[in-house]
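Derivation of every value follows stated rules applied to the coordinates shown; laboratory data play no part. If you're wondering where the values come from, they're calculated on a predicted model, not measured in any experiment. Positions of Cβ are backbone-derived with ideal geometry, glycine not excepted, and every protein chain shown enters the neighbour counts.
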Amino acid sequence: MTKVIYHCYGGSHSSVTTAGIHLGLLPRDRIPGARELLQVPHFDGNEAVAPGHFRVMGYDWAGNEVYVLGKRTLGRSFTFLLQKAAQILGCSHALYPVDTTEPINLLMVFGGFLSRRLKMVAAGRPLVILGTQLAYFRFVELADQVEENLRKRSGENHNSREQFSSPRAVFYICPQDYRLALLSAGFHLYPEAHGDFILKWASQQKKVTGKIGTVSCLGSAGGYHLYVLGGGGEPQIVARTLRELRNLLGIPRSHFYVVESCVAPPLLFRWLALIFKIFTWSEGLRLLEKKVFRSMMEACRDEGNRVKTTIKEGVLD
C-alpha cells in the first residue's frame, strides 16, 4: 500500500483538512462547520508539532496510510525531495507526497500564526476556520485528484522486496547558505587525498547548491552511495524528515544514513555570502567560498573520517 503524505507549513491546517477529506472525515459536497473541522485529528491542535515529523491520520478506502507533516519554509520542492529520496532507496512506489499550500489564503496564514505560533487561540482559531471554509472546495479538488491518481497507481504490481534492492546510501545534508557538507563528503569519498585536490574537486561540483530538492550523487565508498541533499534554509527539518522516512518505509538503519554536518563557517562569512547573493556577485561568492573551504579544511576532513568510522560501527544517527 502507498503512504500518502500531505504536507504544509505547520502540518495543522491545510494538510489536515485535505487529509480529512481524503479519509471521509469531512464532507465533499458542502462546507463543514467549525465543530466538524475541530473534530478532525490534529486540526489546530494544542499539541506541540515538530516540523518534519510524520503524524498518522488513518487509512483510506484502499488501505493506503495517510499522514500529515509540517515542513516550515521548505516550499513546494519538498515534494520532489521526498520523491527523490524514495526513488534512490528503491521504493518510490510506496510514497505519494502532496503539497497542500496552494489553496491557503491570508486568513489561514494570519490565523494560524496567532493560534499556533503566538498561542492566541481565541483570536486565531476563528480566522483559521473561516479561511479554511472559504478555500474548502479547493481542498476537495486536491483530495479528489490525489485519489484519482492513487487509483491509477493501484493497478501496478510491485515486488515488496524492491525497497531493499538498491545500494545503501549516505545523505549529507547541505544548507543553502554554505556548502561545507560537500567538503566533508569529499573527504569521506577520498580520505587520503591532499587538500588542494579536494578543493579543486569541490569547485567542480556545480550542481551542489544546497537548494531544497537538489540531489547530487558524488560516488561510492565502503559499499554506500554518497549523496548531497539540499537542505534549503531548514537543514535540521530535512534531516529529521529523512530519518523518519527511513522508519516509515521500514528500511534498515544500516542501509540509510543521514549526516548533519557539525562544521559551520563563522557568522561573518555567512553574512558576507548573503550580501553577495543579494547583489548576485558570483565571483565574490566563489572567492569567499574558497577562503571558507581552506579555513575549515581540517575540520571537514575530521568529520568525513568520523562519518566513515561511525558507519562501520553502525552508530551514526
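Some notes on this structure:
- Amide H contacts for MET57 (H built 1.01 Å from N in the peptide plane; partners 5 or more residues away or on another chain; cut-off under 5 Å): VAL66, TYR67, VAL68.
- Going from the fewest other Cβ atoms within 10 Å to the most, the residues TYR6, TYR96 appear in the order TYR96, TYR6.
- Under the Karplus curve 6.51 cos²θ - 1.76 cosθ + 1.60, θ = phi - 60°, whole-Hz ³J(HN,Hα) for the stretch 214-221, x wherever Gly or Pro sits: 7, 9, 10, 8, 9, x, 10, 8
- If both residues of a DSSP beta bridge must be in the stretch 167-313, then about 30% of such bridges are antiparallel.
- A dipole drawn for the stretch 189-317 from +1 and -1 charges on Cβ atoms has a positive end, and of VAL228, THR280, LEU267 the residue lying farthest that way is THR280.
- With the alpha-carbon atoms of the chain aligned to their principal axes, the span from lowest to highest coordinate is 66, 48, 30 Å, starting with the largest.
- Charge dipole of the chain about the Cα centre (unit charges at C-beta), most positive-ward option of CYS174, PRO191, LEU134: PRO191
- Counting neighbouring beta carbons within 10 Å and listing from fewest to most, the residues PHE54, PHE279, PHE171, PHE113 come out as PHE279, PHE113, PHE54, PHE171.
- Percentage relative contact order, the chain, counting C-alpha pairs under 8 Å, at least six apart: 18
- Under Karplus coefficients 6.51, -1.76 and 1.60, residue-wise ³J(HN,Hα) of the stretch 279-284 in Hz, glycine/proline x: 8, 6, 8, 5, 5, x
- Build a GNM of the chain with springs between Cα atoms under 10 Å apart, and of THR101, THR18, THR280 the one that fluctuates most is THR280.
- Computed 3J(HN,Hα) for the stretch 287-295, one whole-Hz value per residue from the Karplus formula 6.51 cos²θ - 1.76 cosθ + 1.60 where θ = phi - 60°, is 5, 5, 4, 4, 5, 5, 4, 5, 6, glycine and proline marked x.
- The chain - charge dipole about Cα centre, Lys and Arg +1 at Cβ, Asp and Glu -1, debye rounded to 20: 540
- Fraction of alpha-carbon pairs over 17 Å apart in the stretch 3-154 - percent: 59
- Candidates GLN39, GLN87, GLN176, ranked by Gaussian network fluctuation over the chain, Cα under 10 Å, top entry: GLN39
- Helix-only mean residue ellipticity at 222 nm for the chain, each DSSP H run of n ≥ 4 adding -39500 (n - 2.57), per residue, nearest 500: -14000 deg cm²/dmol
- The longest part of the chain holding none of the exposed loop GluC sites (Glu not before Pro), meaning those outside H, G, I, E and B in DSSP with at most 15 other Cβ atoms within 10 Å, is 193-317.
- Taking all Cα pairs closer than 8 Å and separated by 6 or more residues, the relative contact order of the stretch 167-313 comes to 34 percent.
- Secondary structure note: in the chain, about 30% of the DSSP beta bridges are antiparallel.
- Largest GNM mean-square fluctuation among PRO235, PRO252, PRO97, using the chain with Cα springs under 10 Å: PRO252.
- Over 31 Å between alpha carbons, listed pairs LYS3/LYS206; LYS119/LYS277; LYS200/LYS312; LYS3/LYS200; LYS71/LYS119: LYS3/LYS206; LYS119/LYS277; LYS3/LYS200
- Neighbour counting of Cβ atoms within 10 Å sorts the residues ASP196, ASP60, fewest neighbours leading, into ASP196, ASP60.
- Kirkwood-Stokes translational diffusion coefficient of the stretch 210-272, alpha-carbon pairs, 20 °C, 1.002 mPa s, µm²/s: 160
- Charge tally for LYS290 (other residues, Cβ to Cβ under 13 Å; Lys, Arg +1; Asp, Glu -1): +2.
- Per-selection Rg to Rh, the stretch 167-313 - Cα, Kirkwood hydrodynamic radius: 0.96
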